[in-house]
Every structure is written in structure tokens, then in C-alpha cells.
Amino acid sequence: MSFWNTIAKRVGYGLLLLVAVLVLNFILISIAPGDIADTIAGDMGGADAEVMEEIRVRYGLDQPFYVQLWRYMSRVAVLDLGYSYFFNTPVTTLILEKLPATLLLVFSAQILAVIVGTFLGVVAAKKPNGIVSLTVTFLSLFGFAAPVFWTGILLIILFVSIFPLFPVAGMIDVTVEGGFFVRALDVLHHLILPMVTLASIFLALYSRLARASMLEVLGADYVRTARAKGLPQRTVLYKHALRNALGPVVTVAGLQFSAVISGAVVVETVFSWPGLGTLALQSILARDTPTIMGILFFSSLVVVVFNILTDATLRLIDPRIKTG
Amino acid sequence: MTHSVQAAPENPSLVVRDLKVHFGGGKAVFSRDRPVVHAVDGVSFSVPGGRTFGIVGESGSGKTTTALAIMRLVPITAGSVTLNGEEISAYEGRELRQSRRNYQIVFQDPYSSLDPRKRAAQIVREPLDLMNIGNPRERDERVSELFTQVGLRPEQKALFPHQFSGGQRQRLGLARALSTRPGLIVCDEPVSALDVAIQAQILNLMARLQADLGLTYLFISHDLGVVQHICDEVAVMYLGQIVEQADRVALFSEPKHPYTKALLAAVPSVHATERDRRNRVRLAGDPPSPINLPKGCRFASRCPMAEERCRQSSPPLEDRGGGHKVACFLA
Amino acid sequence: MERAPLLSVTDVVVDFKTRHGNARVLDQVSLAVESGEILGIVGESGCGKSMTALSIMGLVPDPPGKVTSGSIKLGDRELVGMDQEGLRRIRGKDIGMIFQEPMTSLNPVFTVGEQIAESLRQHENASPKAAMAKAVDMLRAVEIPEAEARAKAYPHQLSGGMRQRVMIAMALACGPKVLIADEPTTALDATVQAQIFDLLQDLQQETGTAIVLITHDMGAIAELADRVVVMYAGRVVESGSVRDVLSRPRHPYTKGLIACVPHLEEEPGPVRKELLEIPGVVPALTDLGAGCAFAPRCGEVMPKCRQQKPVLTEAGDTQCVACWAVHEPAAAS
Amino acid sequence: MTDHAAPALKVQHPLTEMAAMFFQNRSAVAGLALLISILLFTFVGPYLYPTDPFEMVWTPLSFPGEEGFLLGTDYLGRDILAAMMAGGQVSMAIGLAAAVISVVIGVSVGAFAGYYGGVVEEALMRFTEFFQVLPTLLFSMVIVALFGASLLTVTLAIGVVSWTAVARVTRSEFLRIRELEYVSAARSGSARDGYLIFRVILPNALPPIIVQANLMVGSAILFEAALSFLGLSDPNIMSWGQVIGSNRPYILDAGFAVAIPGFAIFLTVLAISLIGDGLNDALNPKLRQR
């Protein structure tokens, strides 16, 4: 089966998963106590039964379950996720506004974690009992055990009171003026702390994994063959071993995207990063159901897209992988 | 000490008729339809009680799948297996589980064939417990008796498998197989994973047990020397089918099928230091896959003698006198 | 001794640190390979035959292993104690090696052509293009059909026999003086094994490369090798020309090794004989006593065998044996 | 027939051997000691230091050590030391309960998928993938938001979103072990499916599942902390995350009120993962044979 065929199949399958997410969304809303009518009534400061009934008819809540589900799905198909009464904006507009900030954070943290993690893992595997190896072990324990918001807060305390090098809140400085390049630099400047905080958890995971994977690969028969051919140590290590050791790291990194997005929710809150996470928290506290569900849908969409990209990468790394 | 080959009893103990095991096929929901693998494709033979029937072949020949199908460990696609008049291939559920006391198996790998979390005595006793044979005290006595029979010491009963050597583990495997007093033991490459010095110990033990208990063996192996040593009758399999079958003397001294000849010629021998290796039948290439089978003789693509008719139709397995059966137009 | 052998191993000792103490995996191993010959090394698993090969290649895993003493000479170059860079230049160039498992010995993520060409680029400074062309030639030399196309294949797309041919092509690409073949056919079917043996013999005759064939199969030794070294528990117990050792084995272990295998006969008799057994199991290398390691399993054991290790001594035209019963038969009575 | 080289007749149960391996591992023992100290602190501590964690006892946000309050006070003037003890009980209870839920779901899904294969496996693995696509924290936030922030919903929400890793591990172990010959041997010894799943395969699949389950406890504690930090927990129940969340606005004036509970979580999860590493080494047969 060719590369593109397989990818096309993955895309089709991803769409199915998203439909399933929508169905779950809808079921959750339906079985949760209270409905939109209650919410709107709450916003209006209370309403009588007649008004409530009117609202229910207007929003189709009197229809049978499957009709409501069908209406919901067909609206989502044209990217209409409903209207947020809290923000007074269509949900899709709201989300698309915030999505780039989250994507920037998630993607940059993930890339940072994978690259630095793999590098540390490889260096550690060269000397399994050396100082780098010990550092990697320590880092991975720290990264797993430290709550991400705690790391973030410690960094804020550090960079506000001791080294005021990086801004600790927001994504842009409104006082900065200049062209695209200047503003991009400003965003990067703001990005550093949230990115490092978010990457720290996953950096720990990947460096540990890369170390283990490298150690296993270094014991493989084909590495012995490469040595028996008289290849220099660096060729053995960085060509023959690393290429094989990357597989497990990329696989796990792919599985972690949903966790990275989860982490981003917390990190965005800590650093007031104006992304989906901040929006999610606001809408949850305001019980703004359409927005919450829209965010859940969009973040699943992001995970699905990243999973397909991971799959494609894996296929490029390892020619043995044939079918999903 | 020598064992003379026993006279064959009147009734065959194990009868296999037109056995077929096909894997795959069917539709998977999200992945491609899997192709059908014709692992075993129409195998028939019978084994007289108290005798040893050998099946030899290379990887992909279907010899192990045949063994597992007879043991009812893989689903049978078609055909029948009859043991002492009972058609065990027709049993399901409770009946199948009860019939299992009459046929047991010894596996190839002495390391993966014993549950690492159970003690030796528990492993040997497990079939008795599961089939509810005898009362607990009788089971304990049976375990002690089996340990003696296979040459293990009674104080080893409480040990775990990893505390035994490869040969001892294979003895444990034999004890487990013998626990329910089965008539038939299927031996799937029982000595292939052992060092040569240990191989001899196990082969001798198996021969002794057969003489003492009147066991019937179905012996699967890729090692022609071992098969020649222990079997009374031998079938050669190639891509899911028997291509030649004869008693041990006839098969090894007068092989008729070109594949059998090539297989015998391929075995390096200590007796052949001066033999001119160049004059022997050599096969080129690898066996074709059991997925896309040719329509004629399955061996035709590698056969040095193949003619047009070999590629057109498949030769039947025919008796060429004295029970020597061959599936070849040219033999 | 007329002239120095191509490769000589003298009194090599290799120790491994284990949780159960020091294991002497090679103990005073000596052997010589003459140019153009096939030397067989035979023994059961754990006898040290593979470790002998790795110590020649300078690939003994360190830690936990270490070449404690002894000398390995390729021509007049001493390999024990040579720096990694020097050894690297010899590996793949002067000494090639093929392994038991063709399934796992090739790197799954590179094409086989690339894996052969890599050696040529490394040792002969060949340009990428020239290296690839030579790689295809090598694939042809090992009788792989459609070599051009196969060079672009990944290992998993080839059968076991094909992969072992690729390994051979890789090992011979730089024209080594010695090829070490460690159980090259154990993982292969009988008919494919015969193909590989034929190929090795043909290539050996064409190129004059000496071959060290490591195997547990006396039959393979009989068919291919000129001389044979029998190993047990890390020591050489017998050596000599294949004809002499097979027809007149002197060491009780060699005798047992030949007699316990059910050899294929062309005219089998109607009666099934009982096989000769070597009782017991191979001892753990961590607690070998002062005496002969084979003594606990030996049928000809004498008191001296349990006290002192026998030394490999000449016993016949081509044979050397390490056994007290051979050298001091008087002590037996 | 005798065997000359009889192995030592010391009958050592594999579990004893594993325990020995575990206790040889210094960092694992350190982790165990740390965890026991934390358990003593949270469960025995309140009897030795009976202060109500919800009662205002002193000036808000006073520094640790002031007026005998070892860890200082929070923004409402409540004793942080008392809050640490009470909060630890809740954090660990939720962590444990959520881990049990996710292990039960994960092992069941993984075991049935791995043992039966075919359509059963396909369906169960698609189900698992579906849960992998939902960002875990976001999904549990939604559940808590829709169904209210009680102890029960928080625990369920964490358990329901974190079982996929356990399911993957269990399935791959079952897939591997079901092909081993001792399973076929038990089947030809007339074992039924239930016996094979629970008495043959599961005991042999346990080591990686135990390691994973141990890590689940740690990540469930972190999960609860994150939810509390975001303000999505029952405000009437003290937990470590809750202390952090409620004091968050004051980090620049009184960092300790956030740093201390964060450190408590860090130490607990660190102890658990040290134990996990030790278990992993002790249960890994590859390492044991060396």
C-alpha cells in the first residue's frame, strides 16, 4: 500500500473519530443536569415556565434526541458550533481567534521537548553510568513529579523577582511598535517561559525514553554488524542506532499530543497566554456550554491532525511500517 | 540396549483425512482484506498404535500447523482427525475438553513452554486438576510417579522452571504430556532447541517411554537425522501437502520425490567427507509463499526436473508399492 | 614452523564480570588460520566459539567483558591492546564477519545496497556512485538475481537466505583476508543452508579468503572445513585436520559429540539403536574447579583430571588434544 | 538416569526474588521510605497536631515560622501545615481511587482485546483510540463542569480519562504471551478461556501493568492538583491542589503558600516514581538474569 493511500485512510479514519467526539459531546450535554434554557434563563436573572418553554422550542430542545443530534451534526459540518451568550460571539469565530496562540505553544513545546530530549537521551546512552545519564535520570524524575503549574509559578517568581529577563504574562506587549519582524520577536520573547514550562514535562519523558531506546538499539545485532564493518563510532551511533531509536520516541510523542494540549490549558492559565486553554477555563466557569463543547471538538481535531502527521513521520523513518 | 520395532497392531490409532487449515481471509473492518494462507492443504495419513510417525519439512511446509490442528489448537478448515475411533475433530466445548486427556503435546521451546509462575509439580499436575482426574492425593502420587519416569528427582517438584536446565525442562514437558495417560503424544520439534549432547538424552528417554507405555508418537522435525533415528514411518511435507511418505528404510534409501532427494542431499554429513558435493541435487531459490500458490505441482518452480504438465496440474499422492507413496508425475 | 600463519590466536583469556562472580569465557585459547583454508570451530552453546570470533574482531563487549591476556596477530600486527581506531581500520577491511541471524543482523531502515556501499566508502574512499556500483557487483557475486533492483530493497523485503547472501556480500566487499562466519546457516532451512555452503566454498576458491566457520554441526565441519578446533567450556580440547579428528577423535568430548548425534544414513538399518549420551550438562563458567572442565561428565575420568587442567599437546600428525587420559594413559591403571 | 549438575535446591519463589531485587535498589528504598513518611505525616500527623485546616488562626499570608506556624498561613489566615495534612489525605485518596478505576478499565479492555483478537480487538482498540484523541484534562474539566465538582465526579473524571495507557500495555502483553507455548500447553490440558486469561496470561502480564498502575497513582495526584488549581474542585474539601489554586493570586507576595503544597505534591509523586523505577527493574526478567 502506498504512502499516500495509507495517509488518506488515516484521514478518513480521523474524520470518523471526530464524528464520535461530536456524538459524545452531544450525549454529555443531553444527560448533564440543566440545559441551554436554564443557562439563558440564569443569564436573564430568572424566567417563568412559559418563557422557558419558548426558549426550548426556539432551540429545538423539544425535538426527539436523534433529530437534535442530526441538526447539531449538520451545523458542525459547516463549522457552525453555535453562539456563545457569554462572549456574545459565534463559537467558531471565538475559537479560531484563540487557536493560533495555542498551536504555537503546543507545537513549539513539543518540538523543543523532542529535540532536546532525544539529544540528551543519546548522550546519556553513550555512557550509561556517566554524568549526563545521571542528569537525564534526575531530570526525568523531576519532570514527571513536578506539577506543571508549580514549575510555572516557580519560574514566574524567579523571573519576576530575581532575573527580569522574560515577560511572565500575555503574548504581546502592546507598547511594542514596529514591523512584522519586531512583533514576531516580541511574541517569541513572551513564548519562552510558557514553552519551557510546558516542554519540561515532556522533555523528561522523551529523554528517558530516548535513552532506553538507544540502549536497546545499541545491543541489537545490526549495530554489531555496523561495528564489524569497521564504521567509526559516530556513524554507528548517529546513523545506524539513532535512526532506529527514533521510532519509539516519535510514536510516544505522537500519543502525547492530547497530553500536551492538556498541559497547555494549565500553562496558558499560569502565564495568561491568550489561547484555547484560557478560553476553556473562562467558558467553564461561566457554564458557557457551546464554547466548551466547541473547544473540546477543536482540540480533538488538532490531536487527530497531529496524529496523522506523526504517522507520516514514522513511515518516513522506518520502511517496515506498512499498514496502520 | 536396542529397541526392535514393534509389530504394528491391526487398527490404526490416529487417522487424519484430508486435513486443511487455512488462515486469514475474511474482512477486517478498517484494514485491507487479509489474504488466505493455505498452511495445511489436504493432508491424510494414519499412524498405527505404539508407532512413531514423522513429518519432516522446512519452514512454511505446514508441519507444525498439522500438529497443532490435530491437537485442536488451531481451527480446522476441513477434513477429519480420528483417534482410536473417536472423531476428535468433531468435538467442541465440553466434549473437546474431555477428549484432550487422550492426546497431549510436547513443544519445541523448553523456555516458553512452561509457565514461569508455576512450580514444577503444579505444571505437571495442571491437566489432572483441569480435567478433574482422580482425587487430590492420587494426583500427587501421579506427579511423583511421573517425575521418576522422566528422570527428575522428587525434591525438584517445588522448583520453578527457570531453575531447570533446558534438558530438564523438556523432561518436565514430557511429564506434563504424560500426566493424563494419553495414547498419542504429538512432539513438535522436541529436541531442536537443545544442544546435541542433551538431544541424545531426550531422544533416548522418549524411546524408552514409548517402549514402556506403548505410546503413539507424531513426531514433527526439520532434522532428518533425528527423524531417521526415531520414526517408523515418515512423511515429507512441502507447502502444506505431503509429497512423499514411506517407512523409514524405504524413504531414506530410495527417495523418489525430487524434493525429498534434494532435502536429503542438503544435509551435511560426517560420513561424506569425500563425497563429491557438486554432483548432488541442489535447489535454487526459496519456497514460494503459501499465499499465492501455483496451480500445478507446488514444487515445480524449484524442481530441476519439472515439465510442462507439472505446471499445469497437481500430481496426486499415489502408492507406488509397499506403502511408498509419492506425489510426482516423474517419479 | 615454516612461516607465520595469516591469523594466530595465542593463549587468549577473556573474563566476564557477572552477578555470580567472574566467568572465564575463554581460557588459554590458541588457534591459527592459514591463508586460503577453512578452519572450523565446533562446540555446544556457551563453549566460547562465538566469543573467540568477537575477540578476534576486537568486539568483546566491554564492560562486562575483557581480554585479560594473550595475543592475537593478523600477519605481524598485534590486535590485543590495539587502539579502537586501528581495530576499526582492520574490521570490515582485513577481517569480515557474518552472523547467525540474518533476520536481525541487517539494519532494517537502510537499503541493502547502501549497507554494502557504506563499507566501501569507509575503507576504500570510494565515491558514493562507485561504491553503489561495486555493491551491485557484490550482490551479483553472491548470486542474487536482479541485483540492481535488489540493491534498492530493504532487508525485510528479502528472504532469510537472501539476507545471509547480502551479509556475505557486505563482509567480502573490501576483499578481506579472513572471513569469520558465526553459525551462518543455523537460522536457515536445510536446502538454503546447502546453497549458502556452496556459495561460501565457491567464493573461497575464487578469492582465496581464509574462512573461520563457527558451528555446532559436525556435519557442516565435515563438508566444508580443512581443519577443526573443538571447544568445551572456554577451552580448546582438540584440534587437527578434519579427516583425522572425525575418523579418530581422541578427546572423550569429541568422541561424545560425534556419537551422540543421530547422523543421517543412506542405508538405515531396520533396528533403532540407542544413542550415546554425554550425561549431565555444561558447567557454569563461574565455578570451574581446578581440574578438567569435562571431568564431571567424562567416562574416562581419572583422579588427576579433577586436580589439574590438561594442556593442549600434540597427539598424532595433525592432532592436538588436551586430555590426561590421552597423554598419561598409565595413570589410569 | 541421574542428572549430575543439579541446580541449587533453594526453593525461591519469584516474588521473593523480586522483593530482594527491589530492596537492593537504593533509590527505590529511598522512595519507599519517603512515601511512608508522607503517609505518616498526612494520616498520623493530624492526631499530633490537631488544628482545623478551615479555621482562621492568624494574620493572612504570614511567613513560615511566624508565631509558631511552621509553614505560615494562607490568604484567609488558615494554618498551611494543617492544610497540608488534611489536603494530603484527599489528594492521595483521590489519586489511589482514580488509579484503581483506570487500571480496572484499562486491564479489562486490554485483556479482552489482546486475548480474543479479531473483531473484539478491533472494536476495543478503536474505543481506546477515541479516548486518546480527547485531550484528557480538557475532557475531565468538561465532565466536572457539567456534573459538578464533587469528590466523586472528580475521581471518576480522572479515572475515566486516564485508562488508555494501561489498556495499551495490557493488550501488548496479552498479544505477546498468548502466542507462547505454555498457553497452548494449558489449552491442550483442557483449560477454558477464563482460566487462560486470569490464571495463565494475566499473572505473567502483571509486571508492566504493576509499573504502569503505580505511575497512574502519581499522575492521578497531579491531575487532581491541576483541576483544583484551575478552580474545578469542591471548595469545601481541602486538597493540595486546592491550596495552590486558592493562593495563586498572591504568588508574588507570598510565594511560599503556593510553593509548599507544590513541593508536597512533588515529593509524593517523586516517591511513587522512584518506587516505580525500582519495581520496573525488579520485575524485568532481562535485568534479573544478569
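The values are calculated or read from the model by the stated rules, or taken from the named source; none is laboratory data. Note that the coordinates shown come from a computational prediction; the quantities given were computed from them, not determined experimentally. We place every Cβ from the backbone using ideal geometry, glycine too, and count neighbours over all the protein chains shown.
See the values below:
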quantity: Residue in the stretch D:94-106 that is over 17 Å from the mean Cα position of the chain (by Cα) and part of a helix (DSSP H, G or I) present; calculated: no
quantity: Residues of the stretch A:16-25 satisfying the condition of being in contact (Cβ under 8 Å) with a residue 24 or more places away in the chain and either aliphatic (A, V, I, L, M) or surrounded by fewer than 19 Cβ atoms within 10 Å (Cβ to Cβ) (or both); calculated: A:Leu17, A:Leu18, A:Val19, A:Val21, A:Leu22, A:Val23
quantity: Selection from the stretch B:267-310 of residues that are out of contact with any helix residue (DSSP H, G or I) (no Cβ under 9 Å at 6 or more places or on another chain), surrounded by 16 or more Cβ atoms within 10 Å (Cβ to Cβ) and at pLDDT 85 or above; calculated: B:Arg298
quantity: The stretch B:104-117, subset surrounded by fewer than 20 Cβ atoms within 10 Å (Cβ to Cβ) and under 21 Å from B:Ser144 (Cα atoms), residue nearest to the other protein chains (Cβ to nearest Cβ); calculated: B:Arg117
quantity: Out of B:Ser192, B:Ser165, sole residue that is polar (S, T, N, Q) and more than 8 Å from every other protein chain (Cβ to nearest Cβ); calculated: B:Ser192
quantity: Total residues in the stretch D:144-154, condition outside any loop (DSSP other than H, G, I, E, B) and either free of Cβ contacts under 8 Å to residues at least 12 places away in the same chain or surrounded by fewer than 22 Cβ atoms within 10 Å (Cβ to Cβ) (or both); calculated: 5
quantity: Filter pass, D:Met141 being over 19 Å from A:Ile27 (Cβ atoms) and either polar (S, T, N, Q) or crowded, with 22+ Cβ neighbours inside 10 Å (or both); calculated: no
quantity: Selection count, the stretch A:238-288, where residues are crowded, with 23+ Cβ neighbours inside 10 Å, in contact with an Asp or Glu (Cβ under 9 Å, 6 or more places away or on another chain), closer than 29 Å to D:Pro249 by Cα and touching a residue at least 60 places away in the same chain (Cβ under 8 Å); calculated: 4
quantity: Check on A:Leu105, under 20 Å from the mean Cα position of the chain (by Cα), assigned to a helix (DSSP H, G or I) and under 21 Å from A:Gly277 (Cα atoms); calculated: yes
quantity: Close pairs (8 angstrom Cβ cut-off, 6 or more residues apart or separate chains): farther than 19 Å from D:Phe229 by Cβ in the stretch D:253-281, outside any helix (DSSP H, G or I) and modelled with pLDDT under 85 anywhere; calculated: D:Asp277/D:Asn25; D:Gly278/D:Asn25; D:Asp281/D:Asn25
quantity: Matching entry among C:Gly219, C:Gly280, C:Gly256, C:Gly291 (being more than 21 Å from the chain's Cα centre (by Cα), among the small types (Gly, Ala, Ser) and within 13 Å of chain B (Cβ to nearest Cβ)); calculated: C:Gly280
quantity: Residues (part of a helix (DSSP H, G or I) and basic (Lys, Arg)) located in the stretch A:108-129; calculated: A:Lys126
quantity: Every pair of residues 6+ apart whose Cβ atoms lie under 9 Å, when the first sits in the stretch C:270-289 and is basic (Lys, Arg) while the second is assigned to a loop (DSSP other than H, G, I, E, B) and surrounded by fewer than 14 Cβ atoms within 10 Å (Cβ to Cβ); calculated: C:Arg272/B:Ser4; C:Lys273/B:Met1
quantity: Any pair with Cβ under 6 angstrom, 6 or more apart, that starts in the stretch C:218-239 at a residue that is farther than 28 Å from C:Ala295 by Cβ and assigned to a strand (DSSP E or B) and ends at one that is modelled with pLDDT of 95 or more and not aromatic (Phe, Trp, Tyr); calculated: none
quantity: Selection within the stretch C:278-310 - exposed (fewer than 13 other Cβ atoms within 10 Å of the Cβ) and either touching a Cys at 6+ places or on another chain (Cβ under 9 Å) or assigned to a loop (DSSP other than H, G, I, E, B) (or both); calculated: C:Gly289, C:Ala290, C:Gly299, C:Gln308
quantity: Among (1) away from chain A (no Cβ under 14 Å); (2) in contact with a helix residue (DSSP H, G or I) (Cβ under 9 Å, 6 or more places away or on another chain); (3) within 30 Å of C:Val29 (Cβ to Cβ), the one test that C:Leu106 misses; calculated: (1)
quantity: In the stretch A:271-318, residue nearest to the other protein chains (Cβ to nearest Cβ) [restricted to those that are at pLDDT below 85 and within 14 Å of D:Leu230 (Cα to Cα)]; calculated: A:Leu285
quantity: Among (1) within 18 Å of the chain's Cα centre (by Cα); (2) buried (at least 23 other Cβ atoms within 10 Å of the Cβ), the one test that C:Gln204 misses; calculated: (2)
quantity: Residue match in the stretch A:208-226 (condition: within 14 Å of chain C (Cβ to nearest Cβ) and more than 21 Å from C:Leu59 (Cβ to Cβ)); calculated: yes
